[in-house]
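Step one of this worksheet: look at the structure below.
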Amino acid sequence: MKQIAVFGSTGSIGQSTLNICRDHRQAFQVMVLAAGSSVDELARQALEFRPEVLVVGRSESEAPLREALGGAAQDFEIMAGPQGLREAAGRPGLDVVVSGITGAQGLPVSLGALEAGTRLALANKESMVMAGPLLDAMARRHQTEIIPVDSEHSALFQCLLSGQSQDLGKLILTASGGPFRTKSRAEMERATLAEALAHPTWSMGPKITIDSATMFNKALEIVEARWLFHVPHEQIDVVVHPQSIVHSMVLWRDGSVIAQMGAPDMRVPIQYAMTHPERLDATLETYSPRLFNGLNFEAPDLERFPSLTLGFLAAERGATYGAVLNAANEEAVAAFMAGRIGFTDIFDRVGQVVERHRPHPEPSLEQILEADAWAREEFSRC
Ligand code: MG
């Protein structure tokens, strides 16, 4: 029985993780549940899964959580805030920490899990984008591993098992292209929040859905792949594949292309990250000839999606560029969702912040957090 901690348990990744735990009750025991502000849902999950620890991301949510739990509150150890997240992720005895928290807030979870030597099943790509080399060094030092949950990186991780690193040609990240794949720049300028939230193939949380519409999600994934797999930016490619059946591919030097495929459902990569190198039964149909019928691929349009160029630039320059790209994008998405900026302003504003950045070459955690804060401040000025 594997002991599991689920961070972001009320979000899209967290709910999929708990579905897996429900379908494989003999394999997984939930020990920690952590959520942001959805305390009623967290309380409901707590009463079903009976973990030892509950965590709320913000301290002010602790009292409402205790209230929602009523008399059952005494059955749980309750923690709060970034320190609570880090401590709960580092709890002894855990086998896997699944991190489905959105954004830079997920960094304490990644740090906590790795410093305790616990496997990190990582959906929170932002922490890898911000602090990839630091997290990688930490995983080595504590003899543990980061197994990607992000569907493209889970695909690459599995495809890379078919060869040796010195024979790698390219990592080929697939992208659905999002809801604006075939729209003109003028149409994108007028895009509403509802249009940006209408993803054609994947059902996900709001932040990542906006990121898919701008393709900043793919930009972040370029940087994520750079650090996860120690592959320079020249060996990373992006191809648009609207059906989201091929989750990514590896091209080897001998011309072989290995793809990982299946229905677009996060339960597959989450479950694999929890069980690797073993596998458990699927709980959904991932293959049928009908499903795999008519797969298309096309080159991405860098003119309409300048986000991709910024992703390659952050992967090339390294240093604090990932943290700055991520923080500026988080601010831009929040501003767009609040109706303060237009859709294509996201590209312009993030680009301006990245352009003005003066990097720290080999940043400490403190310098990474400083760069993150600088980018958010700079965003509000431009
Ligand atoms: Mg992805």
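Can we say Thr102 is within 16 Å of the ligand (Cβ to nearest atom) and surrounded by 22 or more Cβ atoms within 10 Å (Cβ to Cβ)? Break it down stepwise before answering.
On the way: within 16 Å of the ligand (Cβ to nearest atom): yes; surrounded by 22 or more Cβ atoms within 10 Å (Cβ to Cβ): yes.
Judged against the criteria, Thr102 is a match.
Can you find a residue in region 8-22 that is surrounded by fewer than 19 Cβ atoms within 10 Å (Cβ to Cβ), outside any helix (DSSP H, G or I) and out of contact with any strand residue (DSSP E or B) (no Cβ under 7 Å at 6 or more places or on another chain)?
Checking region 8-22: not a single residue is surrounded by fewer than 19 Cβ atoms within 10 Å (Cβ to Cβ), outside any helix (DSSP H, G or I) and out of contact with any strand residue (DSSP E or B) (no Cβ under 7 Å at 6 or more places or on another chain).
Go through (1) open to solvent by 40 Å² or more (accessible area, probe 1.4 Å); (2) β-branched (Val, Ile, Thr); (3) under 26 Å from Thr286 (Cα atoms) for Val238 and report which single condition fails.
(1)
Could you tell me which of the residues Gly71, Gly117 is more than 29 Å from Ile222 (Cα to Cα), surrounded by fewer than 23 Cβ atoms within 10 Å (Cβ to Cβ) and out of contact with any helix residue (DSSP H, G or I) (no Cβ under 8 Å at 6 or more places or on another chain)?
Values: Gly117 fails: more than 29 Å from Ile222 (Cα to Cα).
Of Gly71, Gly117, the one residue that is more than 29 Å from Ile222 (Cα to Cα), surrounded by fewer than 23 Cβ atoms within 10 Å (Cβ to Cβ) and out of contact with any helix residue (DSSP H, G or I) (no Cβ under 8 Å at 6 or more places or on another chain) is Gly71.
Being over 21 Å from the mean Cα position of the chain (by Cα) and assigned to a loop (DSSP other than H, G, I, E, B), is that true of even one residue in region 123-142?
yes
Pairs needed: first member in region 210-233, closer than 12 Å to Phe312 by Cα; second member anywhere, part of a loop (DSSP other than H, G, I, E, B) and within 9 Å of the ligand (Cβ to nearest atom); C-beta distance under 7 Å; at least 6 residues apart or different chains.
Pairs found: Glu221/Asp150; Glu224/Asp150.
Checking the conditions here, which among Val97, Val55, Val32 is out of contact with any Pro (no Cβ under 8 Å at 6 or more places or on another chain) and within 16 Å of Ala116 (Cα to Cα)? Steps first, answer last, please.
Working: Val55 fails: within 16 Å of Ala116 (Cα to Cα); Val32 fails: out of contact with any Pro (no Cβ under 8 Å at 6 or more places or on another chain).
The conditions single out Val97.
Considering only region 304-317, how many residues are in a helix (DSSP H, G or I) and either charged (D, E, K, R) or open to solvent by 40 Å² or more (accessible area, probe 1.4 Å) (or both)? Before the answer, list the steps.
Looking only at region 304-317, we keep the residues that are in a helix (DSSP H, G or I), and these are 307-317.
Checking the rest, the ones that are also either charged (D, E, K, R) or open to solvent by 40 Å² or more (accessible area, probe 1.4 Å) (or both) come to 309, 312-313, 316-317.
Of the residues in region 304-317, 5 are in a helix (DSSP H, G or I) and either charged (D, E, K, R) or open to solvent by 40 Å² or more (accessible area, probe 1.4 Å) (or both).
Pull up region 147-186, narrow it to residues that are within 12 Å of the ligand (Cβ to nearest atom), part of a loop (DSSP other than H, G, I, E, B) and not polar (S, T, N, Q), then point me to the one that is farthest from Asp265 (Cα to Cα). I'd like the intermediate steps shown before the answer.
Step one: of region 147-186, the residues within 12 Å of the ligand (Cβ to nearest atom) are 148-156, 173-176, 178.
Checking which are part of a loop (DSSP other than H, G, I, E, B) leaves us with 149-150, 176, 178.
Still in the running and not polar (S, T, N, Q): 149-150, 178.
On the way: Val149: 11, Asp150: 11, Gly178: 16 Å.
Checking each candidate, the answer is Gly178.
State all residues of region 333-351 that are aromatic (Phe, Trp, Tyr) and under 14 Å from Pro206 (Cα atoms); if no residue qualifies, say none. Even if it seems obvious, please write down each step before you answer.
Here is the first cut: in region 333-351, the residues aromatic (Phe, Trp, Tyr) are 336, 343, 347.
Within region 333-351, Phe336 is the sole residue that qualifies.
With respect to Leu47, is the statement that it is more than 20 Å from Thr144 (Cβ to Cβ), open to solvent by 20 Å² or more (accessible area, probe 1.4 Å) and in contact with a Leu (Cβ under 8 Å, 6 or more places away or on another chain) true? Spell out the reasoning first.
On the way: more than 20 Å from Thr144 (Cβ to Cβ): yes; open to solvent by 20 Å² or more (accessible area, probe 1.4 Å): yes; in contact with a Leu (Cβ under 8 Å, 6 or more places away or on another chain): yes.
So Leu47 passes the test.
What's the number of the only condition in (1) open to solvent by less than 30 Å² (accessible area, probe 1.4 Å); (2) within 14 Å of the ligand (Cβ to nearest atom); (3) in contact with a Ser or Thr (Cβ under 7 Å, 6 or more places away or on another chain); (4) not acidic (Asp, Glu) that Asn217 fails to meet?
(3)
The values are calculated or read from the model by the stated rules, or taken from the named source; none is laboratory data. What you are looking at is a predicted structure, and each value in this text was computed from that prediction instead of being measured. Cβ coordinates were reconstructed from backbone atoms using ideal geometry, including for glycine residues, and neighbour counts include every protein chain displayed. Side chains are part of the model used for accessible areas, which takes the heavy atoms of the whole protein and leaves out ligands, DNA and RNA. Shrake-Rupley method; radii C 1.70, N 1.55, O 1.52, S 1.80 Å.
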